[in-house]
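Asker: Here it is, the structure in full.
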Amino acid sequence: MATPPVKVYGPPLSTAVSRVLVCLLEKDVPFQLVPVNMAKMEHKKPDYIKMQPFGQVPAFQDDDITLFESRAICRYIAEKYPNKGTAGLFGTNPLVKASIDQWLEAESQSFNPPSSVLTFQLVFAPLMKLKQDEALIKQNEAKLEKVLDVYENRLGSSRYLAGDEFTLADLSHLPNTQFLVEKTDKAELFTSRKNVGRWWSEISTRPAWKKVVEMQNA
Amino acid sequence: MALKVHGTVGSPATFRALAALYEKDLDFEFIPVNLSAKEHKSLQFLAHNNPFGQVPVFEHGDLKLFESRAITKYVAEAFADKGTSLIHKDPKKSAIQTVWTEVEAQKFDPTVAKLGWEIVFKPMFGMTTDEAVVAEFEKKLEPMLDVYEKRLTESKYLGGDSFTLADLHHLPTLHGIMGTKVKRLFDARPHVSAWASDILSRPAWVKVASMLTK
């Protein structure tokens with residue numbers, strides 16, 4: 001069997017890497033996952049920096065193109081393969097696409113900052129034997145609650161964030177939420193909100209995401 | 001179909017959207033939102049404009065959008081043939097442009113906005129600049145600008161060989177920080193410095209920035 005042209009570099013446990021993996025799986029795009037030994041600072045070595053100049057994961061290659069930034073990679077995959085796998089991840093017309101972009105930006109600007117801090121503080125800091133910052137946890141929990149109140153309202157009148165279909169906007173939330181719901185005592189933030197809970201339950205049980213979680217637990 | 005922007009003069013996100021509209025030579029109605037009167041947090045605004053209670057909000061006929069970077073993208077694509085082309089049409093070039101658009105959103109803006117908050121806005125609101133935070137965030141900015149310097153040595157603009165949204169999105173935060181001591185970090189890197197001067201002197205941006213003095 002020929003090696004798939006698509007390569008993703010980085011560990012599946014990385015939230016940004018898992019964002020790309022779930023997108024590829026949703027689109028049925030074959031790929032090769034290339035391990036990057038971050039404990040040995042492989043991501044800061046010259047060969048890796050050539051692909052990702054900020055020295056972060058993931059890096060992504062397809063044919064002769066090298067990309068980084070998980071949300072840029074997801075957009076590229078969804079646009080290159082509109083008819084493969086799950087349709088409509090990035091919309092089928094400009095108006096739907098605009099709505100998806102809007103909620104993708106909301107994830108990026110409003111949901112990601114506090115949920116990333118909480119994920120780091122509650123999941124990764126203990127693993128790395130770093131001291132947790134209680135004030136930071138409290139501050140970001142409060143921020144996240146406000147964002148989830150907006151989502152609760154939105155998801156009361158819309159099945160998914162951008163409309164009736166599962167899109168990149170929902171997908172982008174999977175990595176951080178998975179950690180917060182399954183690996184911390186903050187699951188209640190999501191599960192105590194009826195519509196958010198319903199939405200989380202739907203998107204997290206999609207086969208593509210379940211496969212990514214298997215890869216993370218391997 | 002009429003274009004409308006609900007926004008506030010001086011709001012970087014509002015200015016980001018306006019920059020795109022002016023680059024595209026588009027006529028639009030500017031509807032001021034009074035942030036000090038908490039207009040953006042009114043039930044009406046939250047229900048009808050932006051549930052996150054932020055500016056800008058953009059209207060094109062029945063379409064209503066929030067998030068400045070979604071607005072600029074829509075404008076760039078819906079009016080692709082008008083004014084400055086702000087996006088690459090070739091899929092590979094477009095993908096590279098999107099990478100650097102994400103770099104602005106994920107890295108540049110959070111770091112530089114934090115510096116702007118400490119140095120520019122806190123004194124305006126009678127608060128004291130925390131110099132330790134300034135030092136911390138300058139330390140984050142320097143290696144980032146080193147990456148920008150290398151990129152701009154290989155590419156005329158961040159997203160490729162022409163000015164696109166990848167560059168435009170930087171304008172509001174860049175403009176603000178260039179009026180502070182942080183400018184020295186940009187000046188120390190020749191390609192970054194040239195790129196910054198170039199994009200800040202674009203007529204469309206000058207038009208947006210002039211709203212500050214009106």
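The values are calculated or read from the model by the stated rules, or taken from the named source; none is laboratory data. Keep in mind the model is a prediction, meaning the values are calculated, not measured. No Cβ is skipped: glycine too gets one built from the backbone with ideal geometry, and neighbour counts run over all protein chains shown. What goes into the accessible areas is simple: the full protein's heavy atoms, side chains included, and nothing from ligands, DNA or RNA. Shrake-Rupley method; radii C 1.70, N 1.55, O 1.52, S 1.80 Å.
Asker: Please compute the average number of Cβ atoms from other chains found within 10 Å of each residue's Cβ in peptide B:68-79.
Answerer: Rounded to a whole number, the mean comes out at 4.
Asker: Please go through the residue pairs A:Lys97/A:Lys183; A:Lys129/A:Lys186; A:Lys45/B:Lys183; A:Lys27/B:Lys64; A:Lys97/A:Lys210 and name each one whose alpha carbons sit more than 22 Å apart in this structure.
Answerer: From the list (A:Lys97/A:Lys183; A:Lys129/A:Lys186; A:Lys45/B:Lys183; A:Lys27/B:Lys64; A:Lys97/A:Lys210), the Cα-Cα distance tops 22 Å for A:Lys97/A:Lys183; A:Lys45/B:Lys183; A:Lys27/B:Lys64; A:Lys97/A:Lys210.
Asker: Please average, across the residues of A:143-150, the number of beta carbons from any other chain that are within 10 Å of each residue's own beta carbon, and give a whole number.
Answerer: Whole-number average of other-chain Cβ neighbours for A:143-150 is 1.
Asker: Please check: in the Gaussian network model of chain B (C-alpha springs, under 10 Å), which one of B:Gly61, B:Gly160, B:Gly126 has the largest mean-square fluctuation.
Answerer: The residue with the greatest mean-square fluctuation here is B:Gly126.
Asker: What FRET efficiency comes out for the pair A:Asn93/A:Arg159, r = Cβ-Cβ distance, R0 = 25 Å, nearest 0.05?
Answerer: In this case the efficiency is close to 0.85.
Asker: Rounded, prolate or oblate: pick one for region B:48-91, where a ≥ b ≥ c are the square roots of the eigenvalues of its C-alpha gyration tensor, a/c under 1.5 means rounded, and failing that, prolate if a/b is larger than b/c, else oblate.
Answerer: The shape class here is prolate.
Asker: Using a/c under 1.5 as the rounded threshold, could you call the protein assembly as shown rounded, prolate or oblate? The axes a ≥ b ≥ c are square roots of the C-alpha gyration tensor eigenvalues, and prolate needs a/b larger than b/c, oblate otherwise.
Answerer: rounded
Asker: Further question on the same structure: Given an 8 Å cut-off on Cα distances and at least 6 residues of separation, report the relative contact order of chain B as a percent.
Answerer: So the answer I get is 23 percent.
Asker: Counting pairs of alpha carbon atoms under 8 Å apart in space and at least six apart in sequence, what relative contact order in percent does region B:1-89 give?
Answerer: 36 percent.
Asker: As an exercise, use a Förster radius of 45 Å and the Cβ-Cβ distance of B:Val206 and A:Ser116 to find the FRET efficiency, rounded to the nearest 0.05.
Answerer: 0.80
Asker: So which lysines pass the test for B:Lys181, namely a Cα distance under 27 Å, with those fewer than 8 places away in the same chain ruled out?
Answerer: Within reach: B:Lys107, B:Lys114, B:Lys122, B:Lys139, B:Lys140, B:Lys150, B:Lys156, B:Lys207, B:Lys214.
Asker: Taking only Cα atoms and a 10 Å spring cutoff, compute GNM fluctuations for chain B and point out the largest among B:Ile119, B:Ile199, B:Ile31.
Answerer: In this elastic network of chain B, the residue with the biggest mean-square fluctuation among B:Ile119, B:Ile199, B:Ile31 is B:Ile31.
Asker: Using a 1.4 angstrom probe and counting only protein chains, how large is the accessible area of A:Leu144 in Å², to 10?
Answerer: 0
Asker: Now for a different question. Within 10 Å of each Cβ in A:66-74, how many Cβ atoms from other chains are there, averaged over the peptide?
Answerer: 5
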